[in-house]
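Just below is one structure, and these are the notes that go with it.
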C-alpha cells in the first residue's frame with residue numbers, strides 16, 4: 001500500500017483535477033484506491049457529486065457533536081474508487097489543534113485502520129502550506145507536485161520542496177517528491193521553453209507523462225465525474241491513464257540479481273522449451289524516430305499491451321531515437337511516447353485509426 005499527497009500552494013495548477021483523475025485511472029488499472037479530500041474548499045468532493053455532510057472534521061475534531069470513525073464517512077465513487085469527503089469545517093481543525101502535542105500526526109493516526117483496505121491512498125491537499133498539508137505529507141510515502149508551465153509555479157515548487165525536506169529531516173520521515181507537468185499547451189512556444197527549464201532544473205524528479213490542456217477535463221468536473229467516466233477517449237483520459245501506468249511501473253518491486261550460489265543449471269526439458277519458444281522469434285523489429293528536442297522516448301503497442309515498459313525505452317544516438325525488439329511474425333500497432341506525449345510514427349505511412357480517435361502506426365514482421 002502506498003500513500004501519495006498531491007500538493008501545491010499555488011491554485012489553478014490542476015491539483016484537484018490530478019487527484020480525481022489519477023485515483024480513477026489507478027482504479028481502472030485494477031487497484032483499490034481511496035481519495036482523501038483534505039481541502040476545506042472541497043473541490044474534489046464537489047467535483048464528484050459526493051455528499052459533504054460529514055468529513056474528516058467529524059473524525060479528528062474533539063468539538064464536533066457527531067464523532068465518527070473514518071470508515072463511516074467513506075463514499076463509493078466507482079468500483080475501485082472511494083473518497084473521504086471534505087467540507088468547510090475541515091478548515092477549522094488548524095485553529096482547534098494549534099496547541100496540541102503531536103498535531104502533525106493526526107491524519108496518519110486515523111489512517112491506520114484503513115491502510116490495509118487499499119492499494120493506493122491519495123490525499124488532495126489544500127492550496128497552502130499549513131497544518132493540513134503538513135499532516136498529509138507526514139502521512140505520505142510520496143508527494144506529487146502538479147506544476148503548470150509558468151514562472152510562478154516554479155517558485156511554488158521551491159517552497160513546497162522546502163517543506164518536504166523539513167519534514168524529512170526534522171520529523172525523520174522518508175518522503176519523496178515527484179513533479180508532474182500539467183495544463184501543457186503544445187500550441188505555445190512558451191510552454192516548450194518553460195518545459196525545457198523544468199527539465200534542466202528538476203531532472204529525474206519530473207514524470208515522463210505530461211498532462212495537456214483539454215477541455216474535457218473541465219467538462220467532466222462540471223458534470224461531477226472523472227474524465228474516464230465522462231469521455232474515456234479524450235486526450236485528458238489518455239494522459240492520466242499514462243500517468244497511472246508510469247506510477248505502477250515505478251512502484252513495481254525490483255527483483256534482486258541472484259548471487260552465484262543461487263544460479264542453477266536448467267534441465268534438459270527446460271532448455272528444449274526455451275529453444276521451442278525462441279524459435280518463434282524471427283528477428284528484430286526496429287523502431288526509429290527523429291526527435292532532437294526530446295528528453296525521453298518510448299515505443300508502446302499491441303506487442304506489449306500498450307504498457308509503459310522500461311524495456312521499450314528508446315536510445316538516443318545523434319538526435320535519432322532507436323530500439324530493436326524481438327517479435328514473432330505478425331502485424332503490430334504502435335505509437336511513440338515523446339516526453340509523455342503520444343504520437344504516431346511520422347515516417348510510417350501504414351496506419352489505422354484507433355478507438356481513441358488517434359492514429360496507430362503499423363509494423364509487419366514477416367517470417
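The values are calculated or read from the model by the stated rules, or taken from the named source; none is laboratory data. Everything quoted here is computed from the prediction, not taken from an experiment. Virtual Cβ from ideal backbone geometry, glycine too; neighbours counted across all protein chains shown.
Details
- Exactly one residue among 150, 140 is within 21 Å of residue 244 (Cβ to Cβ) and either in contact with a helix residue (DSSP H, G or I) (Cβ under 7 Å, 6 or more places away or on another chain) or modelled with pLDDT of 85 or more (or both), and that residue is 140.
- Selection within the range 54-74 - more than 26 Å from the chain's Cα centre (by Cα) and more than 17 Å from residue 93 (Cβ to Cβ): 72
- Screening 189, 168 for residues that are in the same structural domain as residue 124 (by TED's automatic domain parsing), at pLDDT 80 or above and over 23 Å from residue 243 (Cα atoms) leaves exactly one candidate, 189.
- Once the range 1-49 is narrowed to residues that are buried (at least 21 other Cβ atoms within 10 Å of the Cβ) and free of Cβ contacts under 8 Å to residues at least 60 places away in the same chain, the residue that is nearest to residue 120 (Cα to Cα) is 27.
- Within the range 115-125, the set of residues being at pLDDT below 90 and either under 21 Å from residue 18 (Cα atoms) or surrounded by 18 or more Cβ atoms within 10 Å (Cβ to Cβ) (or both) is empty.
- Hits in the range 173-200 (condition: farther than 30 Å from residue 138 by Cα, touching a residue at least 60 places away in the same chain (Cβ under 8 Å) and touching a strand residue (DSSP E or B) at 6+ places or on another chain (Cβ under 8 Å)): 186
- Some residue of the range 10-25 being in contact with a helix residue (DSSP H, G or I) (Cβ under 7 Å, 6 or more places away or on another chain), over 20 Å from residue 241 (Cα atoms) and assigned by TED's automatic domain parsing to the domain that holds residue 225: yes
- Condition check for residue 223: more than 21 Å from the chain's Cα centre (by Cα), more than 20 Å from residue 245 (Cβ to Cβ) and either assigned by TED's automatic domain parsing to the domain that holds residue 18 or surrounded by 15 or more Cβ atoms within 10 Å (Cβ to Cβ) (or both): yes
- Qualifying residue in the range 107-114 (condition: more than 20 Å from the chain's Cα centre (by Cα), closer than 23 Å to residue 252 by Cα and modelled with pLDDT of 90 or more): yes
- For the criterion of being more than 23 Å from the chain's Cα centre (by Cα), more than 23 Å from residue 4 (Cα to Cα), modelled with pLDDT under 90 and outside the structural domain of residue 19 (by TED's automatic domain parsing), residue 288 fails.
- Hey, residue 109 surrounded by fewer than 22 Cβ atoms within 10 Å (Cβ to Cβ), touching a residue at least 60 places away in the same chain (Cβ under 8 Å) and not in a loop (DSSP other than H, G, I, E, B) or not: no
- Residue count for the range 246-268 satisfying the condition of being in a helix (DSSP H, G or I) and modelled with pLDDT under 90: 7.
- Any strands (runs of 3 or more DSSP E) falling wholly within the range 304-361 and containing at least 1 residues that are surrounded by fewer than 17 Cβ atoms within 10 Å (Cβ to Cβ) and at positive phi: 330-338
- Residue list for the range 126-141, restricted to those being under 17 Å from the mean Cα position of the chain (by Cα) and surrounded by fewer than 19 Cβ atoms within 10 Å (Cβ to Cβ): 141
- Which numbered condition residue 282 fails, given (1) at pLDDT below 85; (2) out of contact with any strand residue (DSSP E or B) (no Cβ under 6 Å at 6 or more places or on another chain); (3) not in a strand (DSSP E or B): (3)
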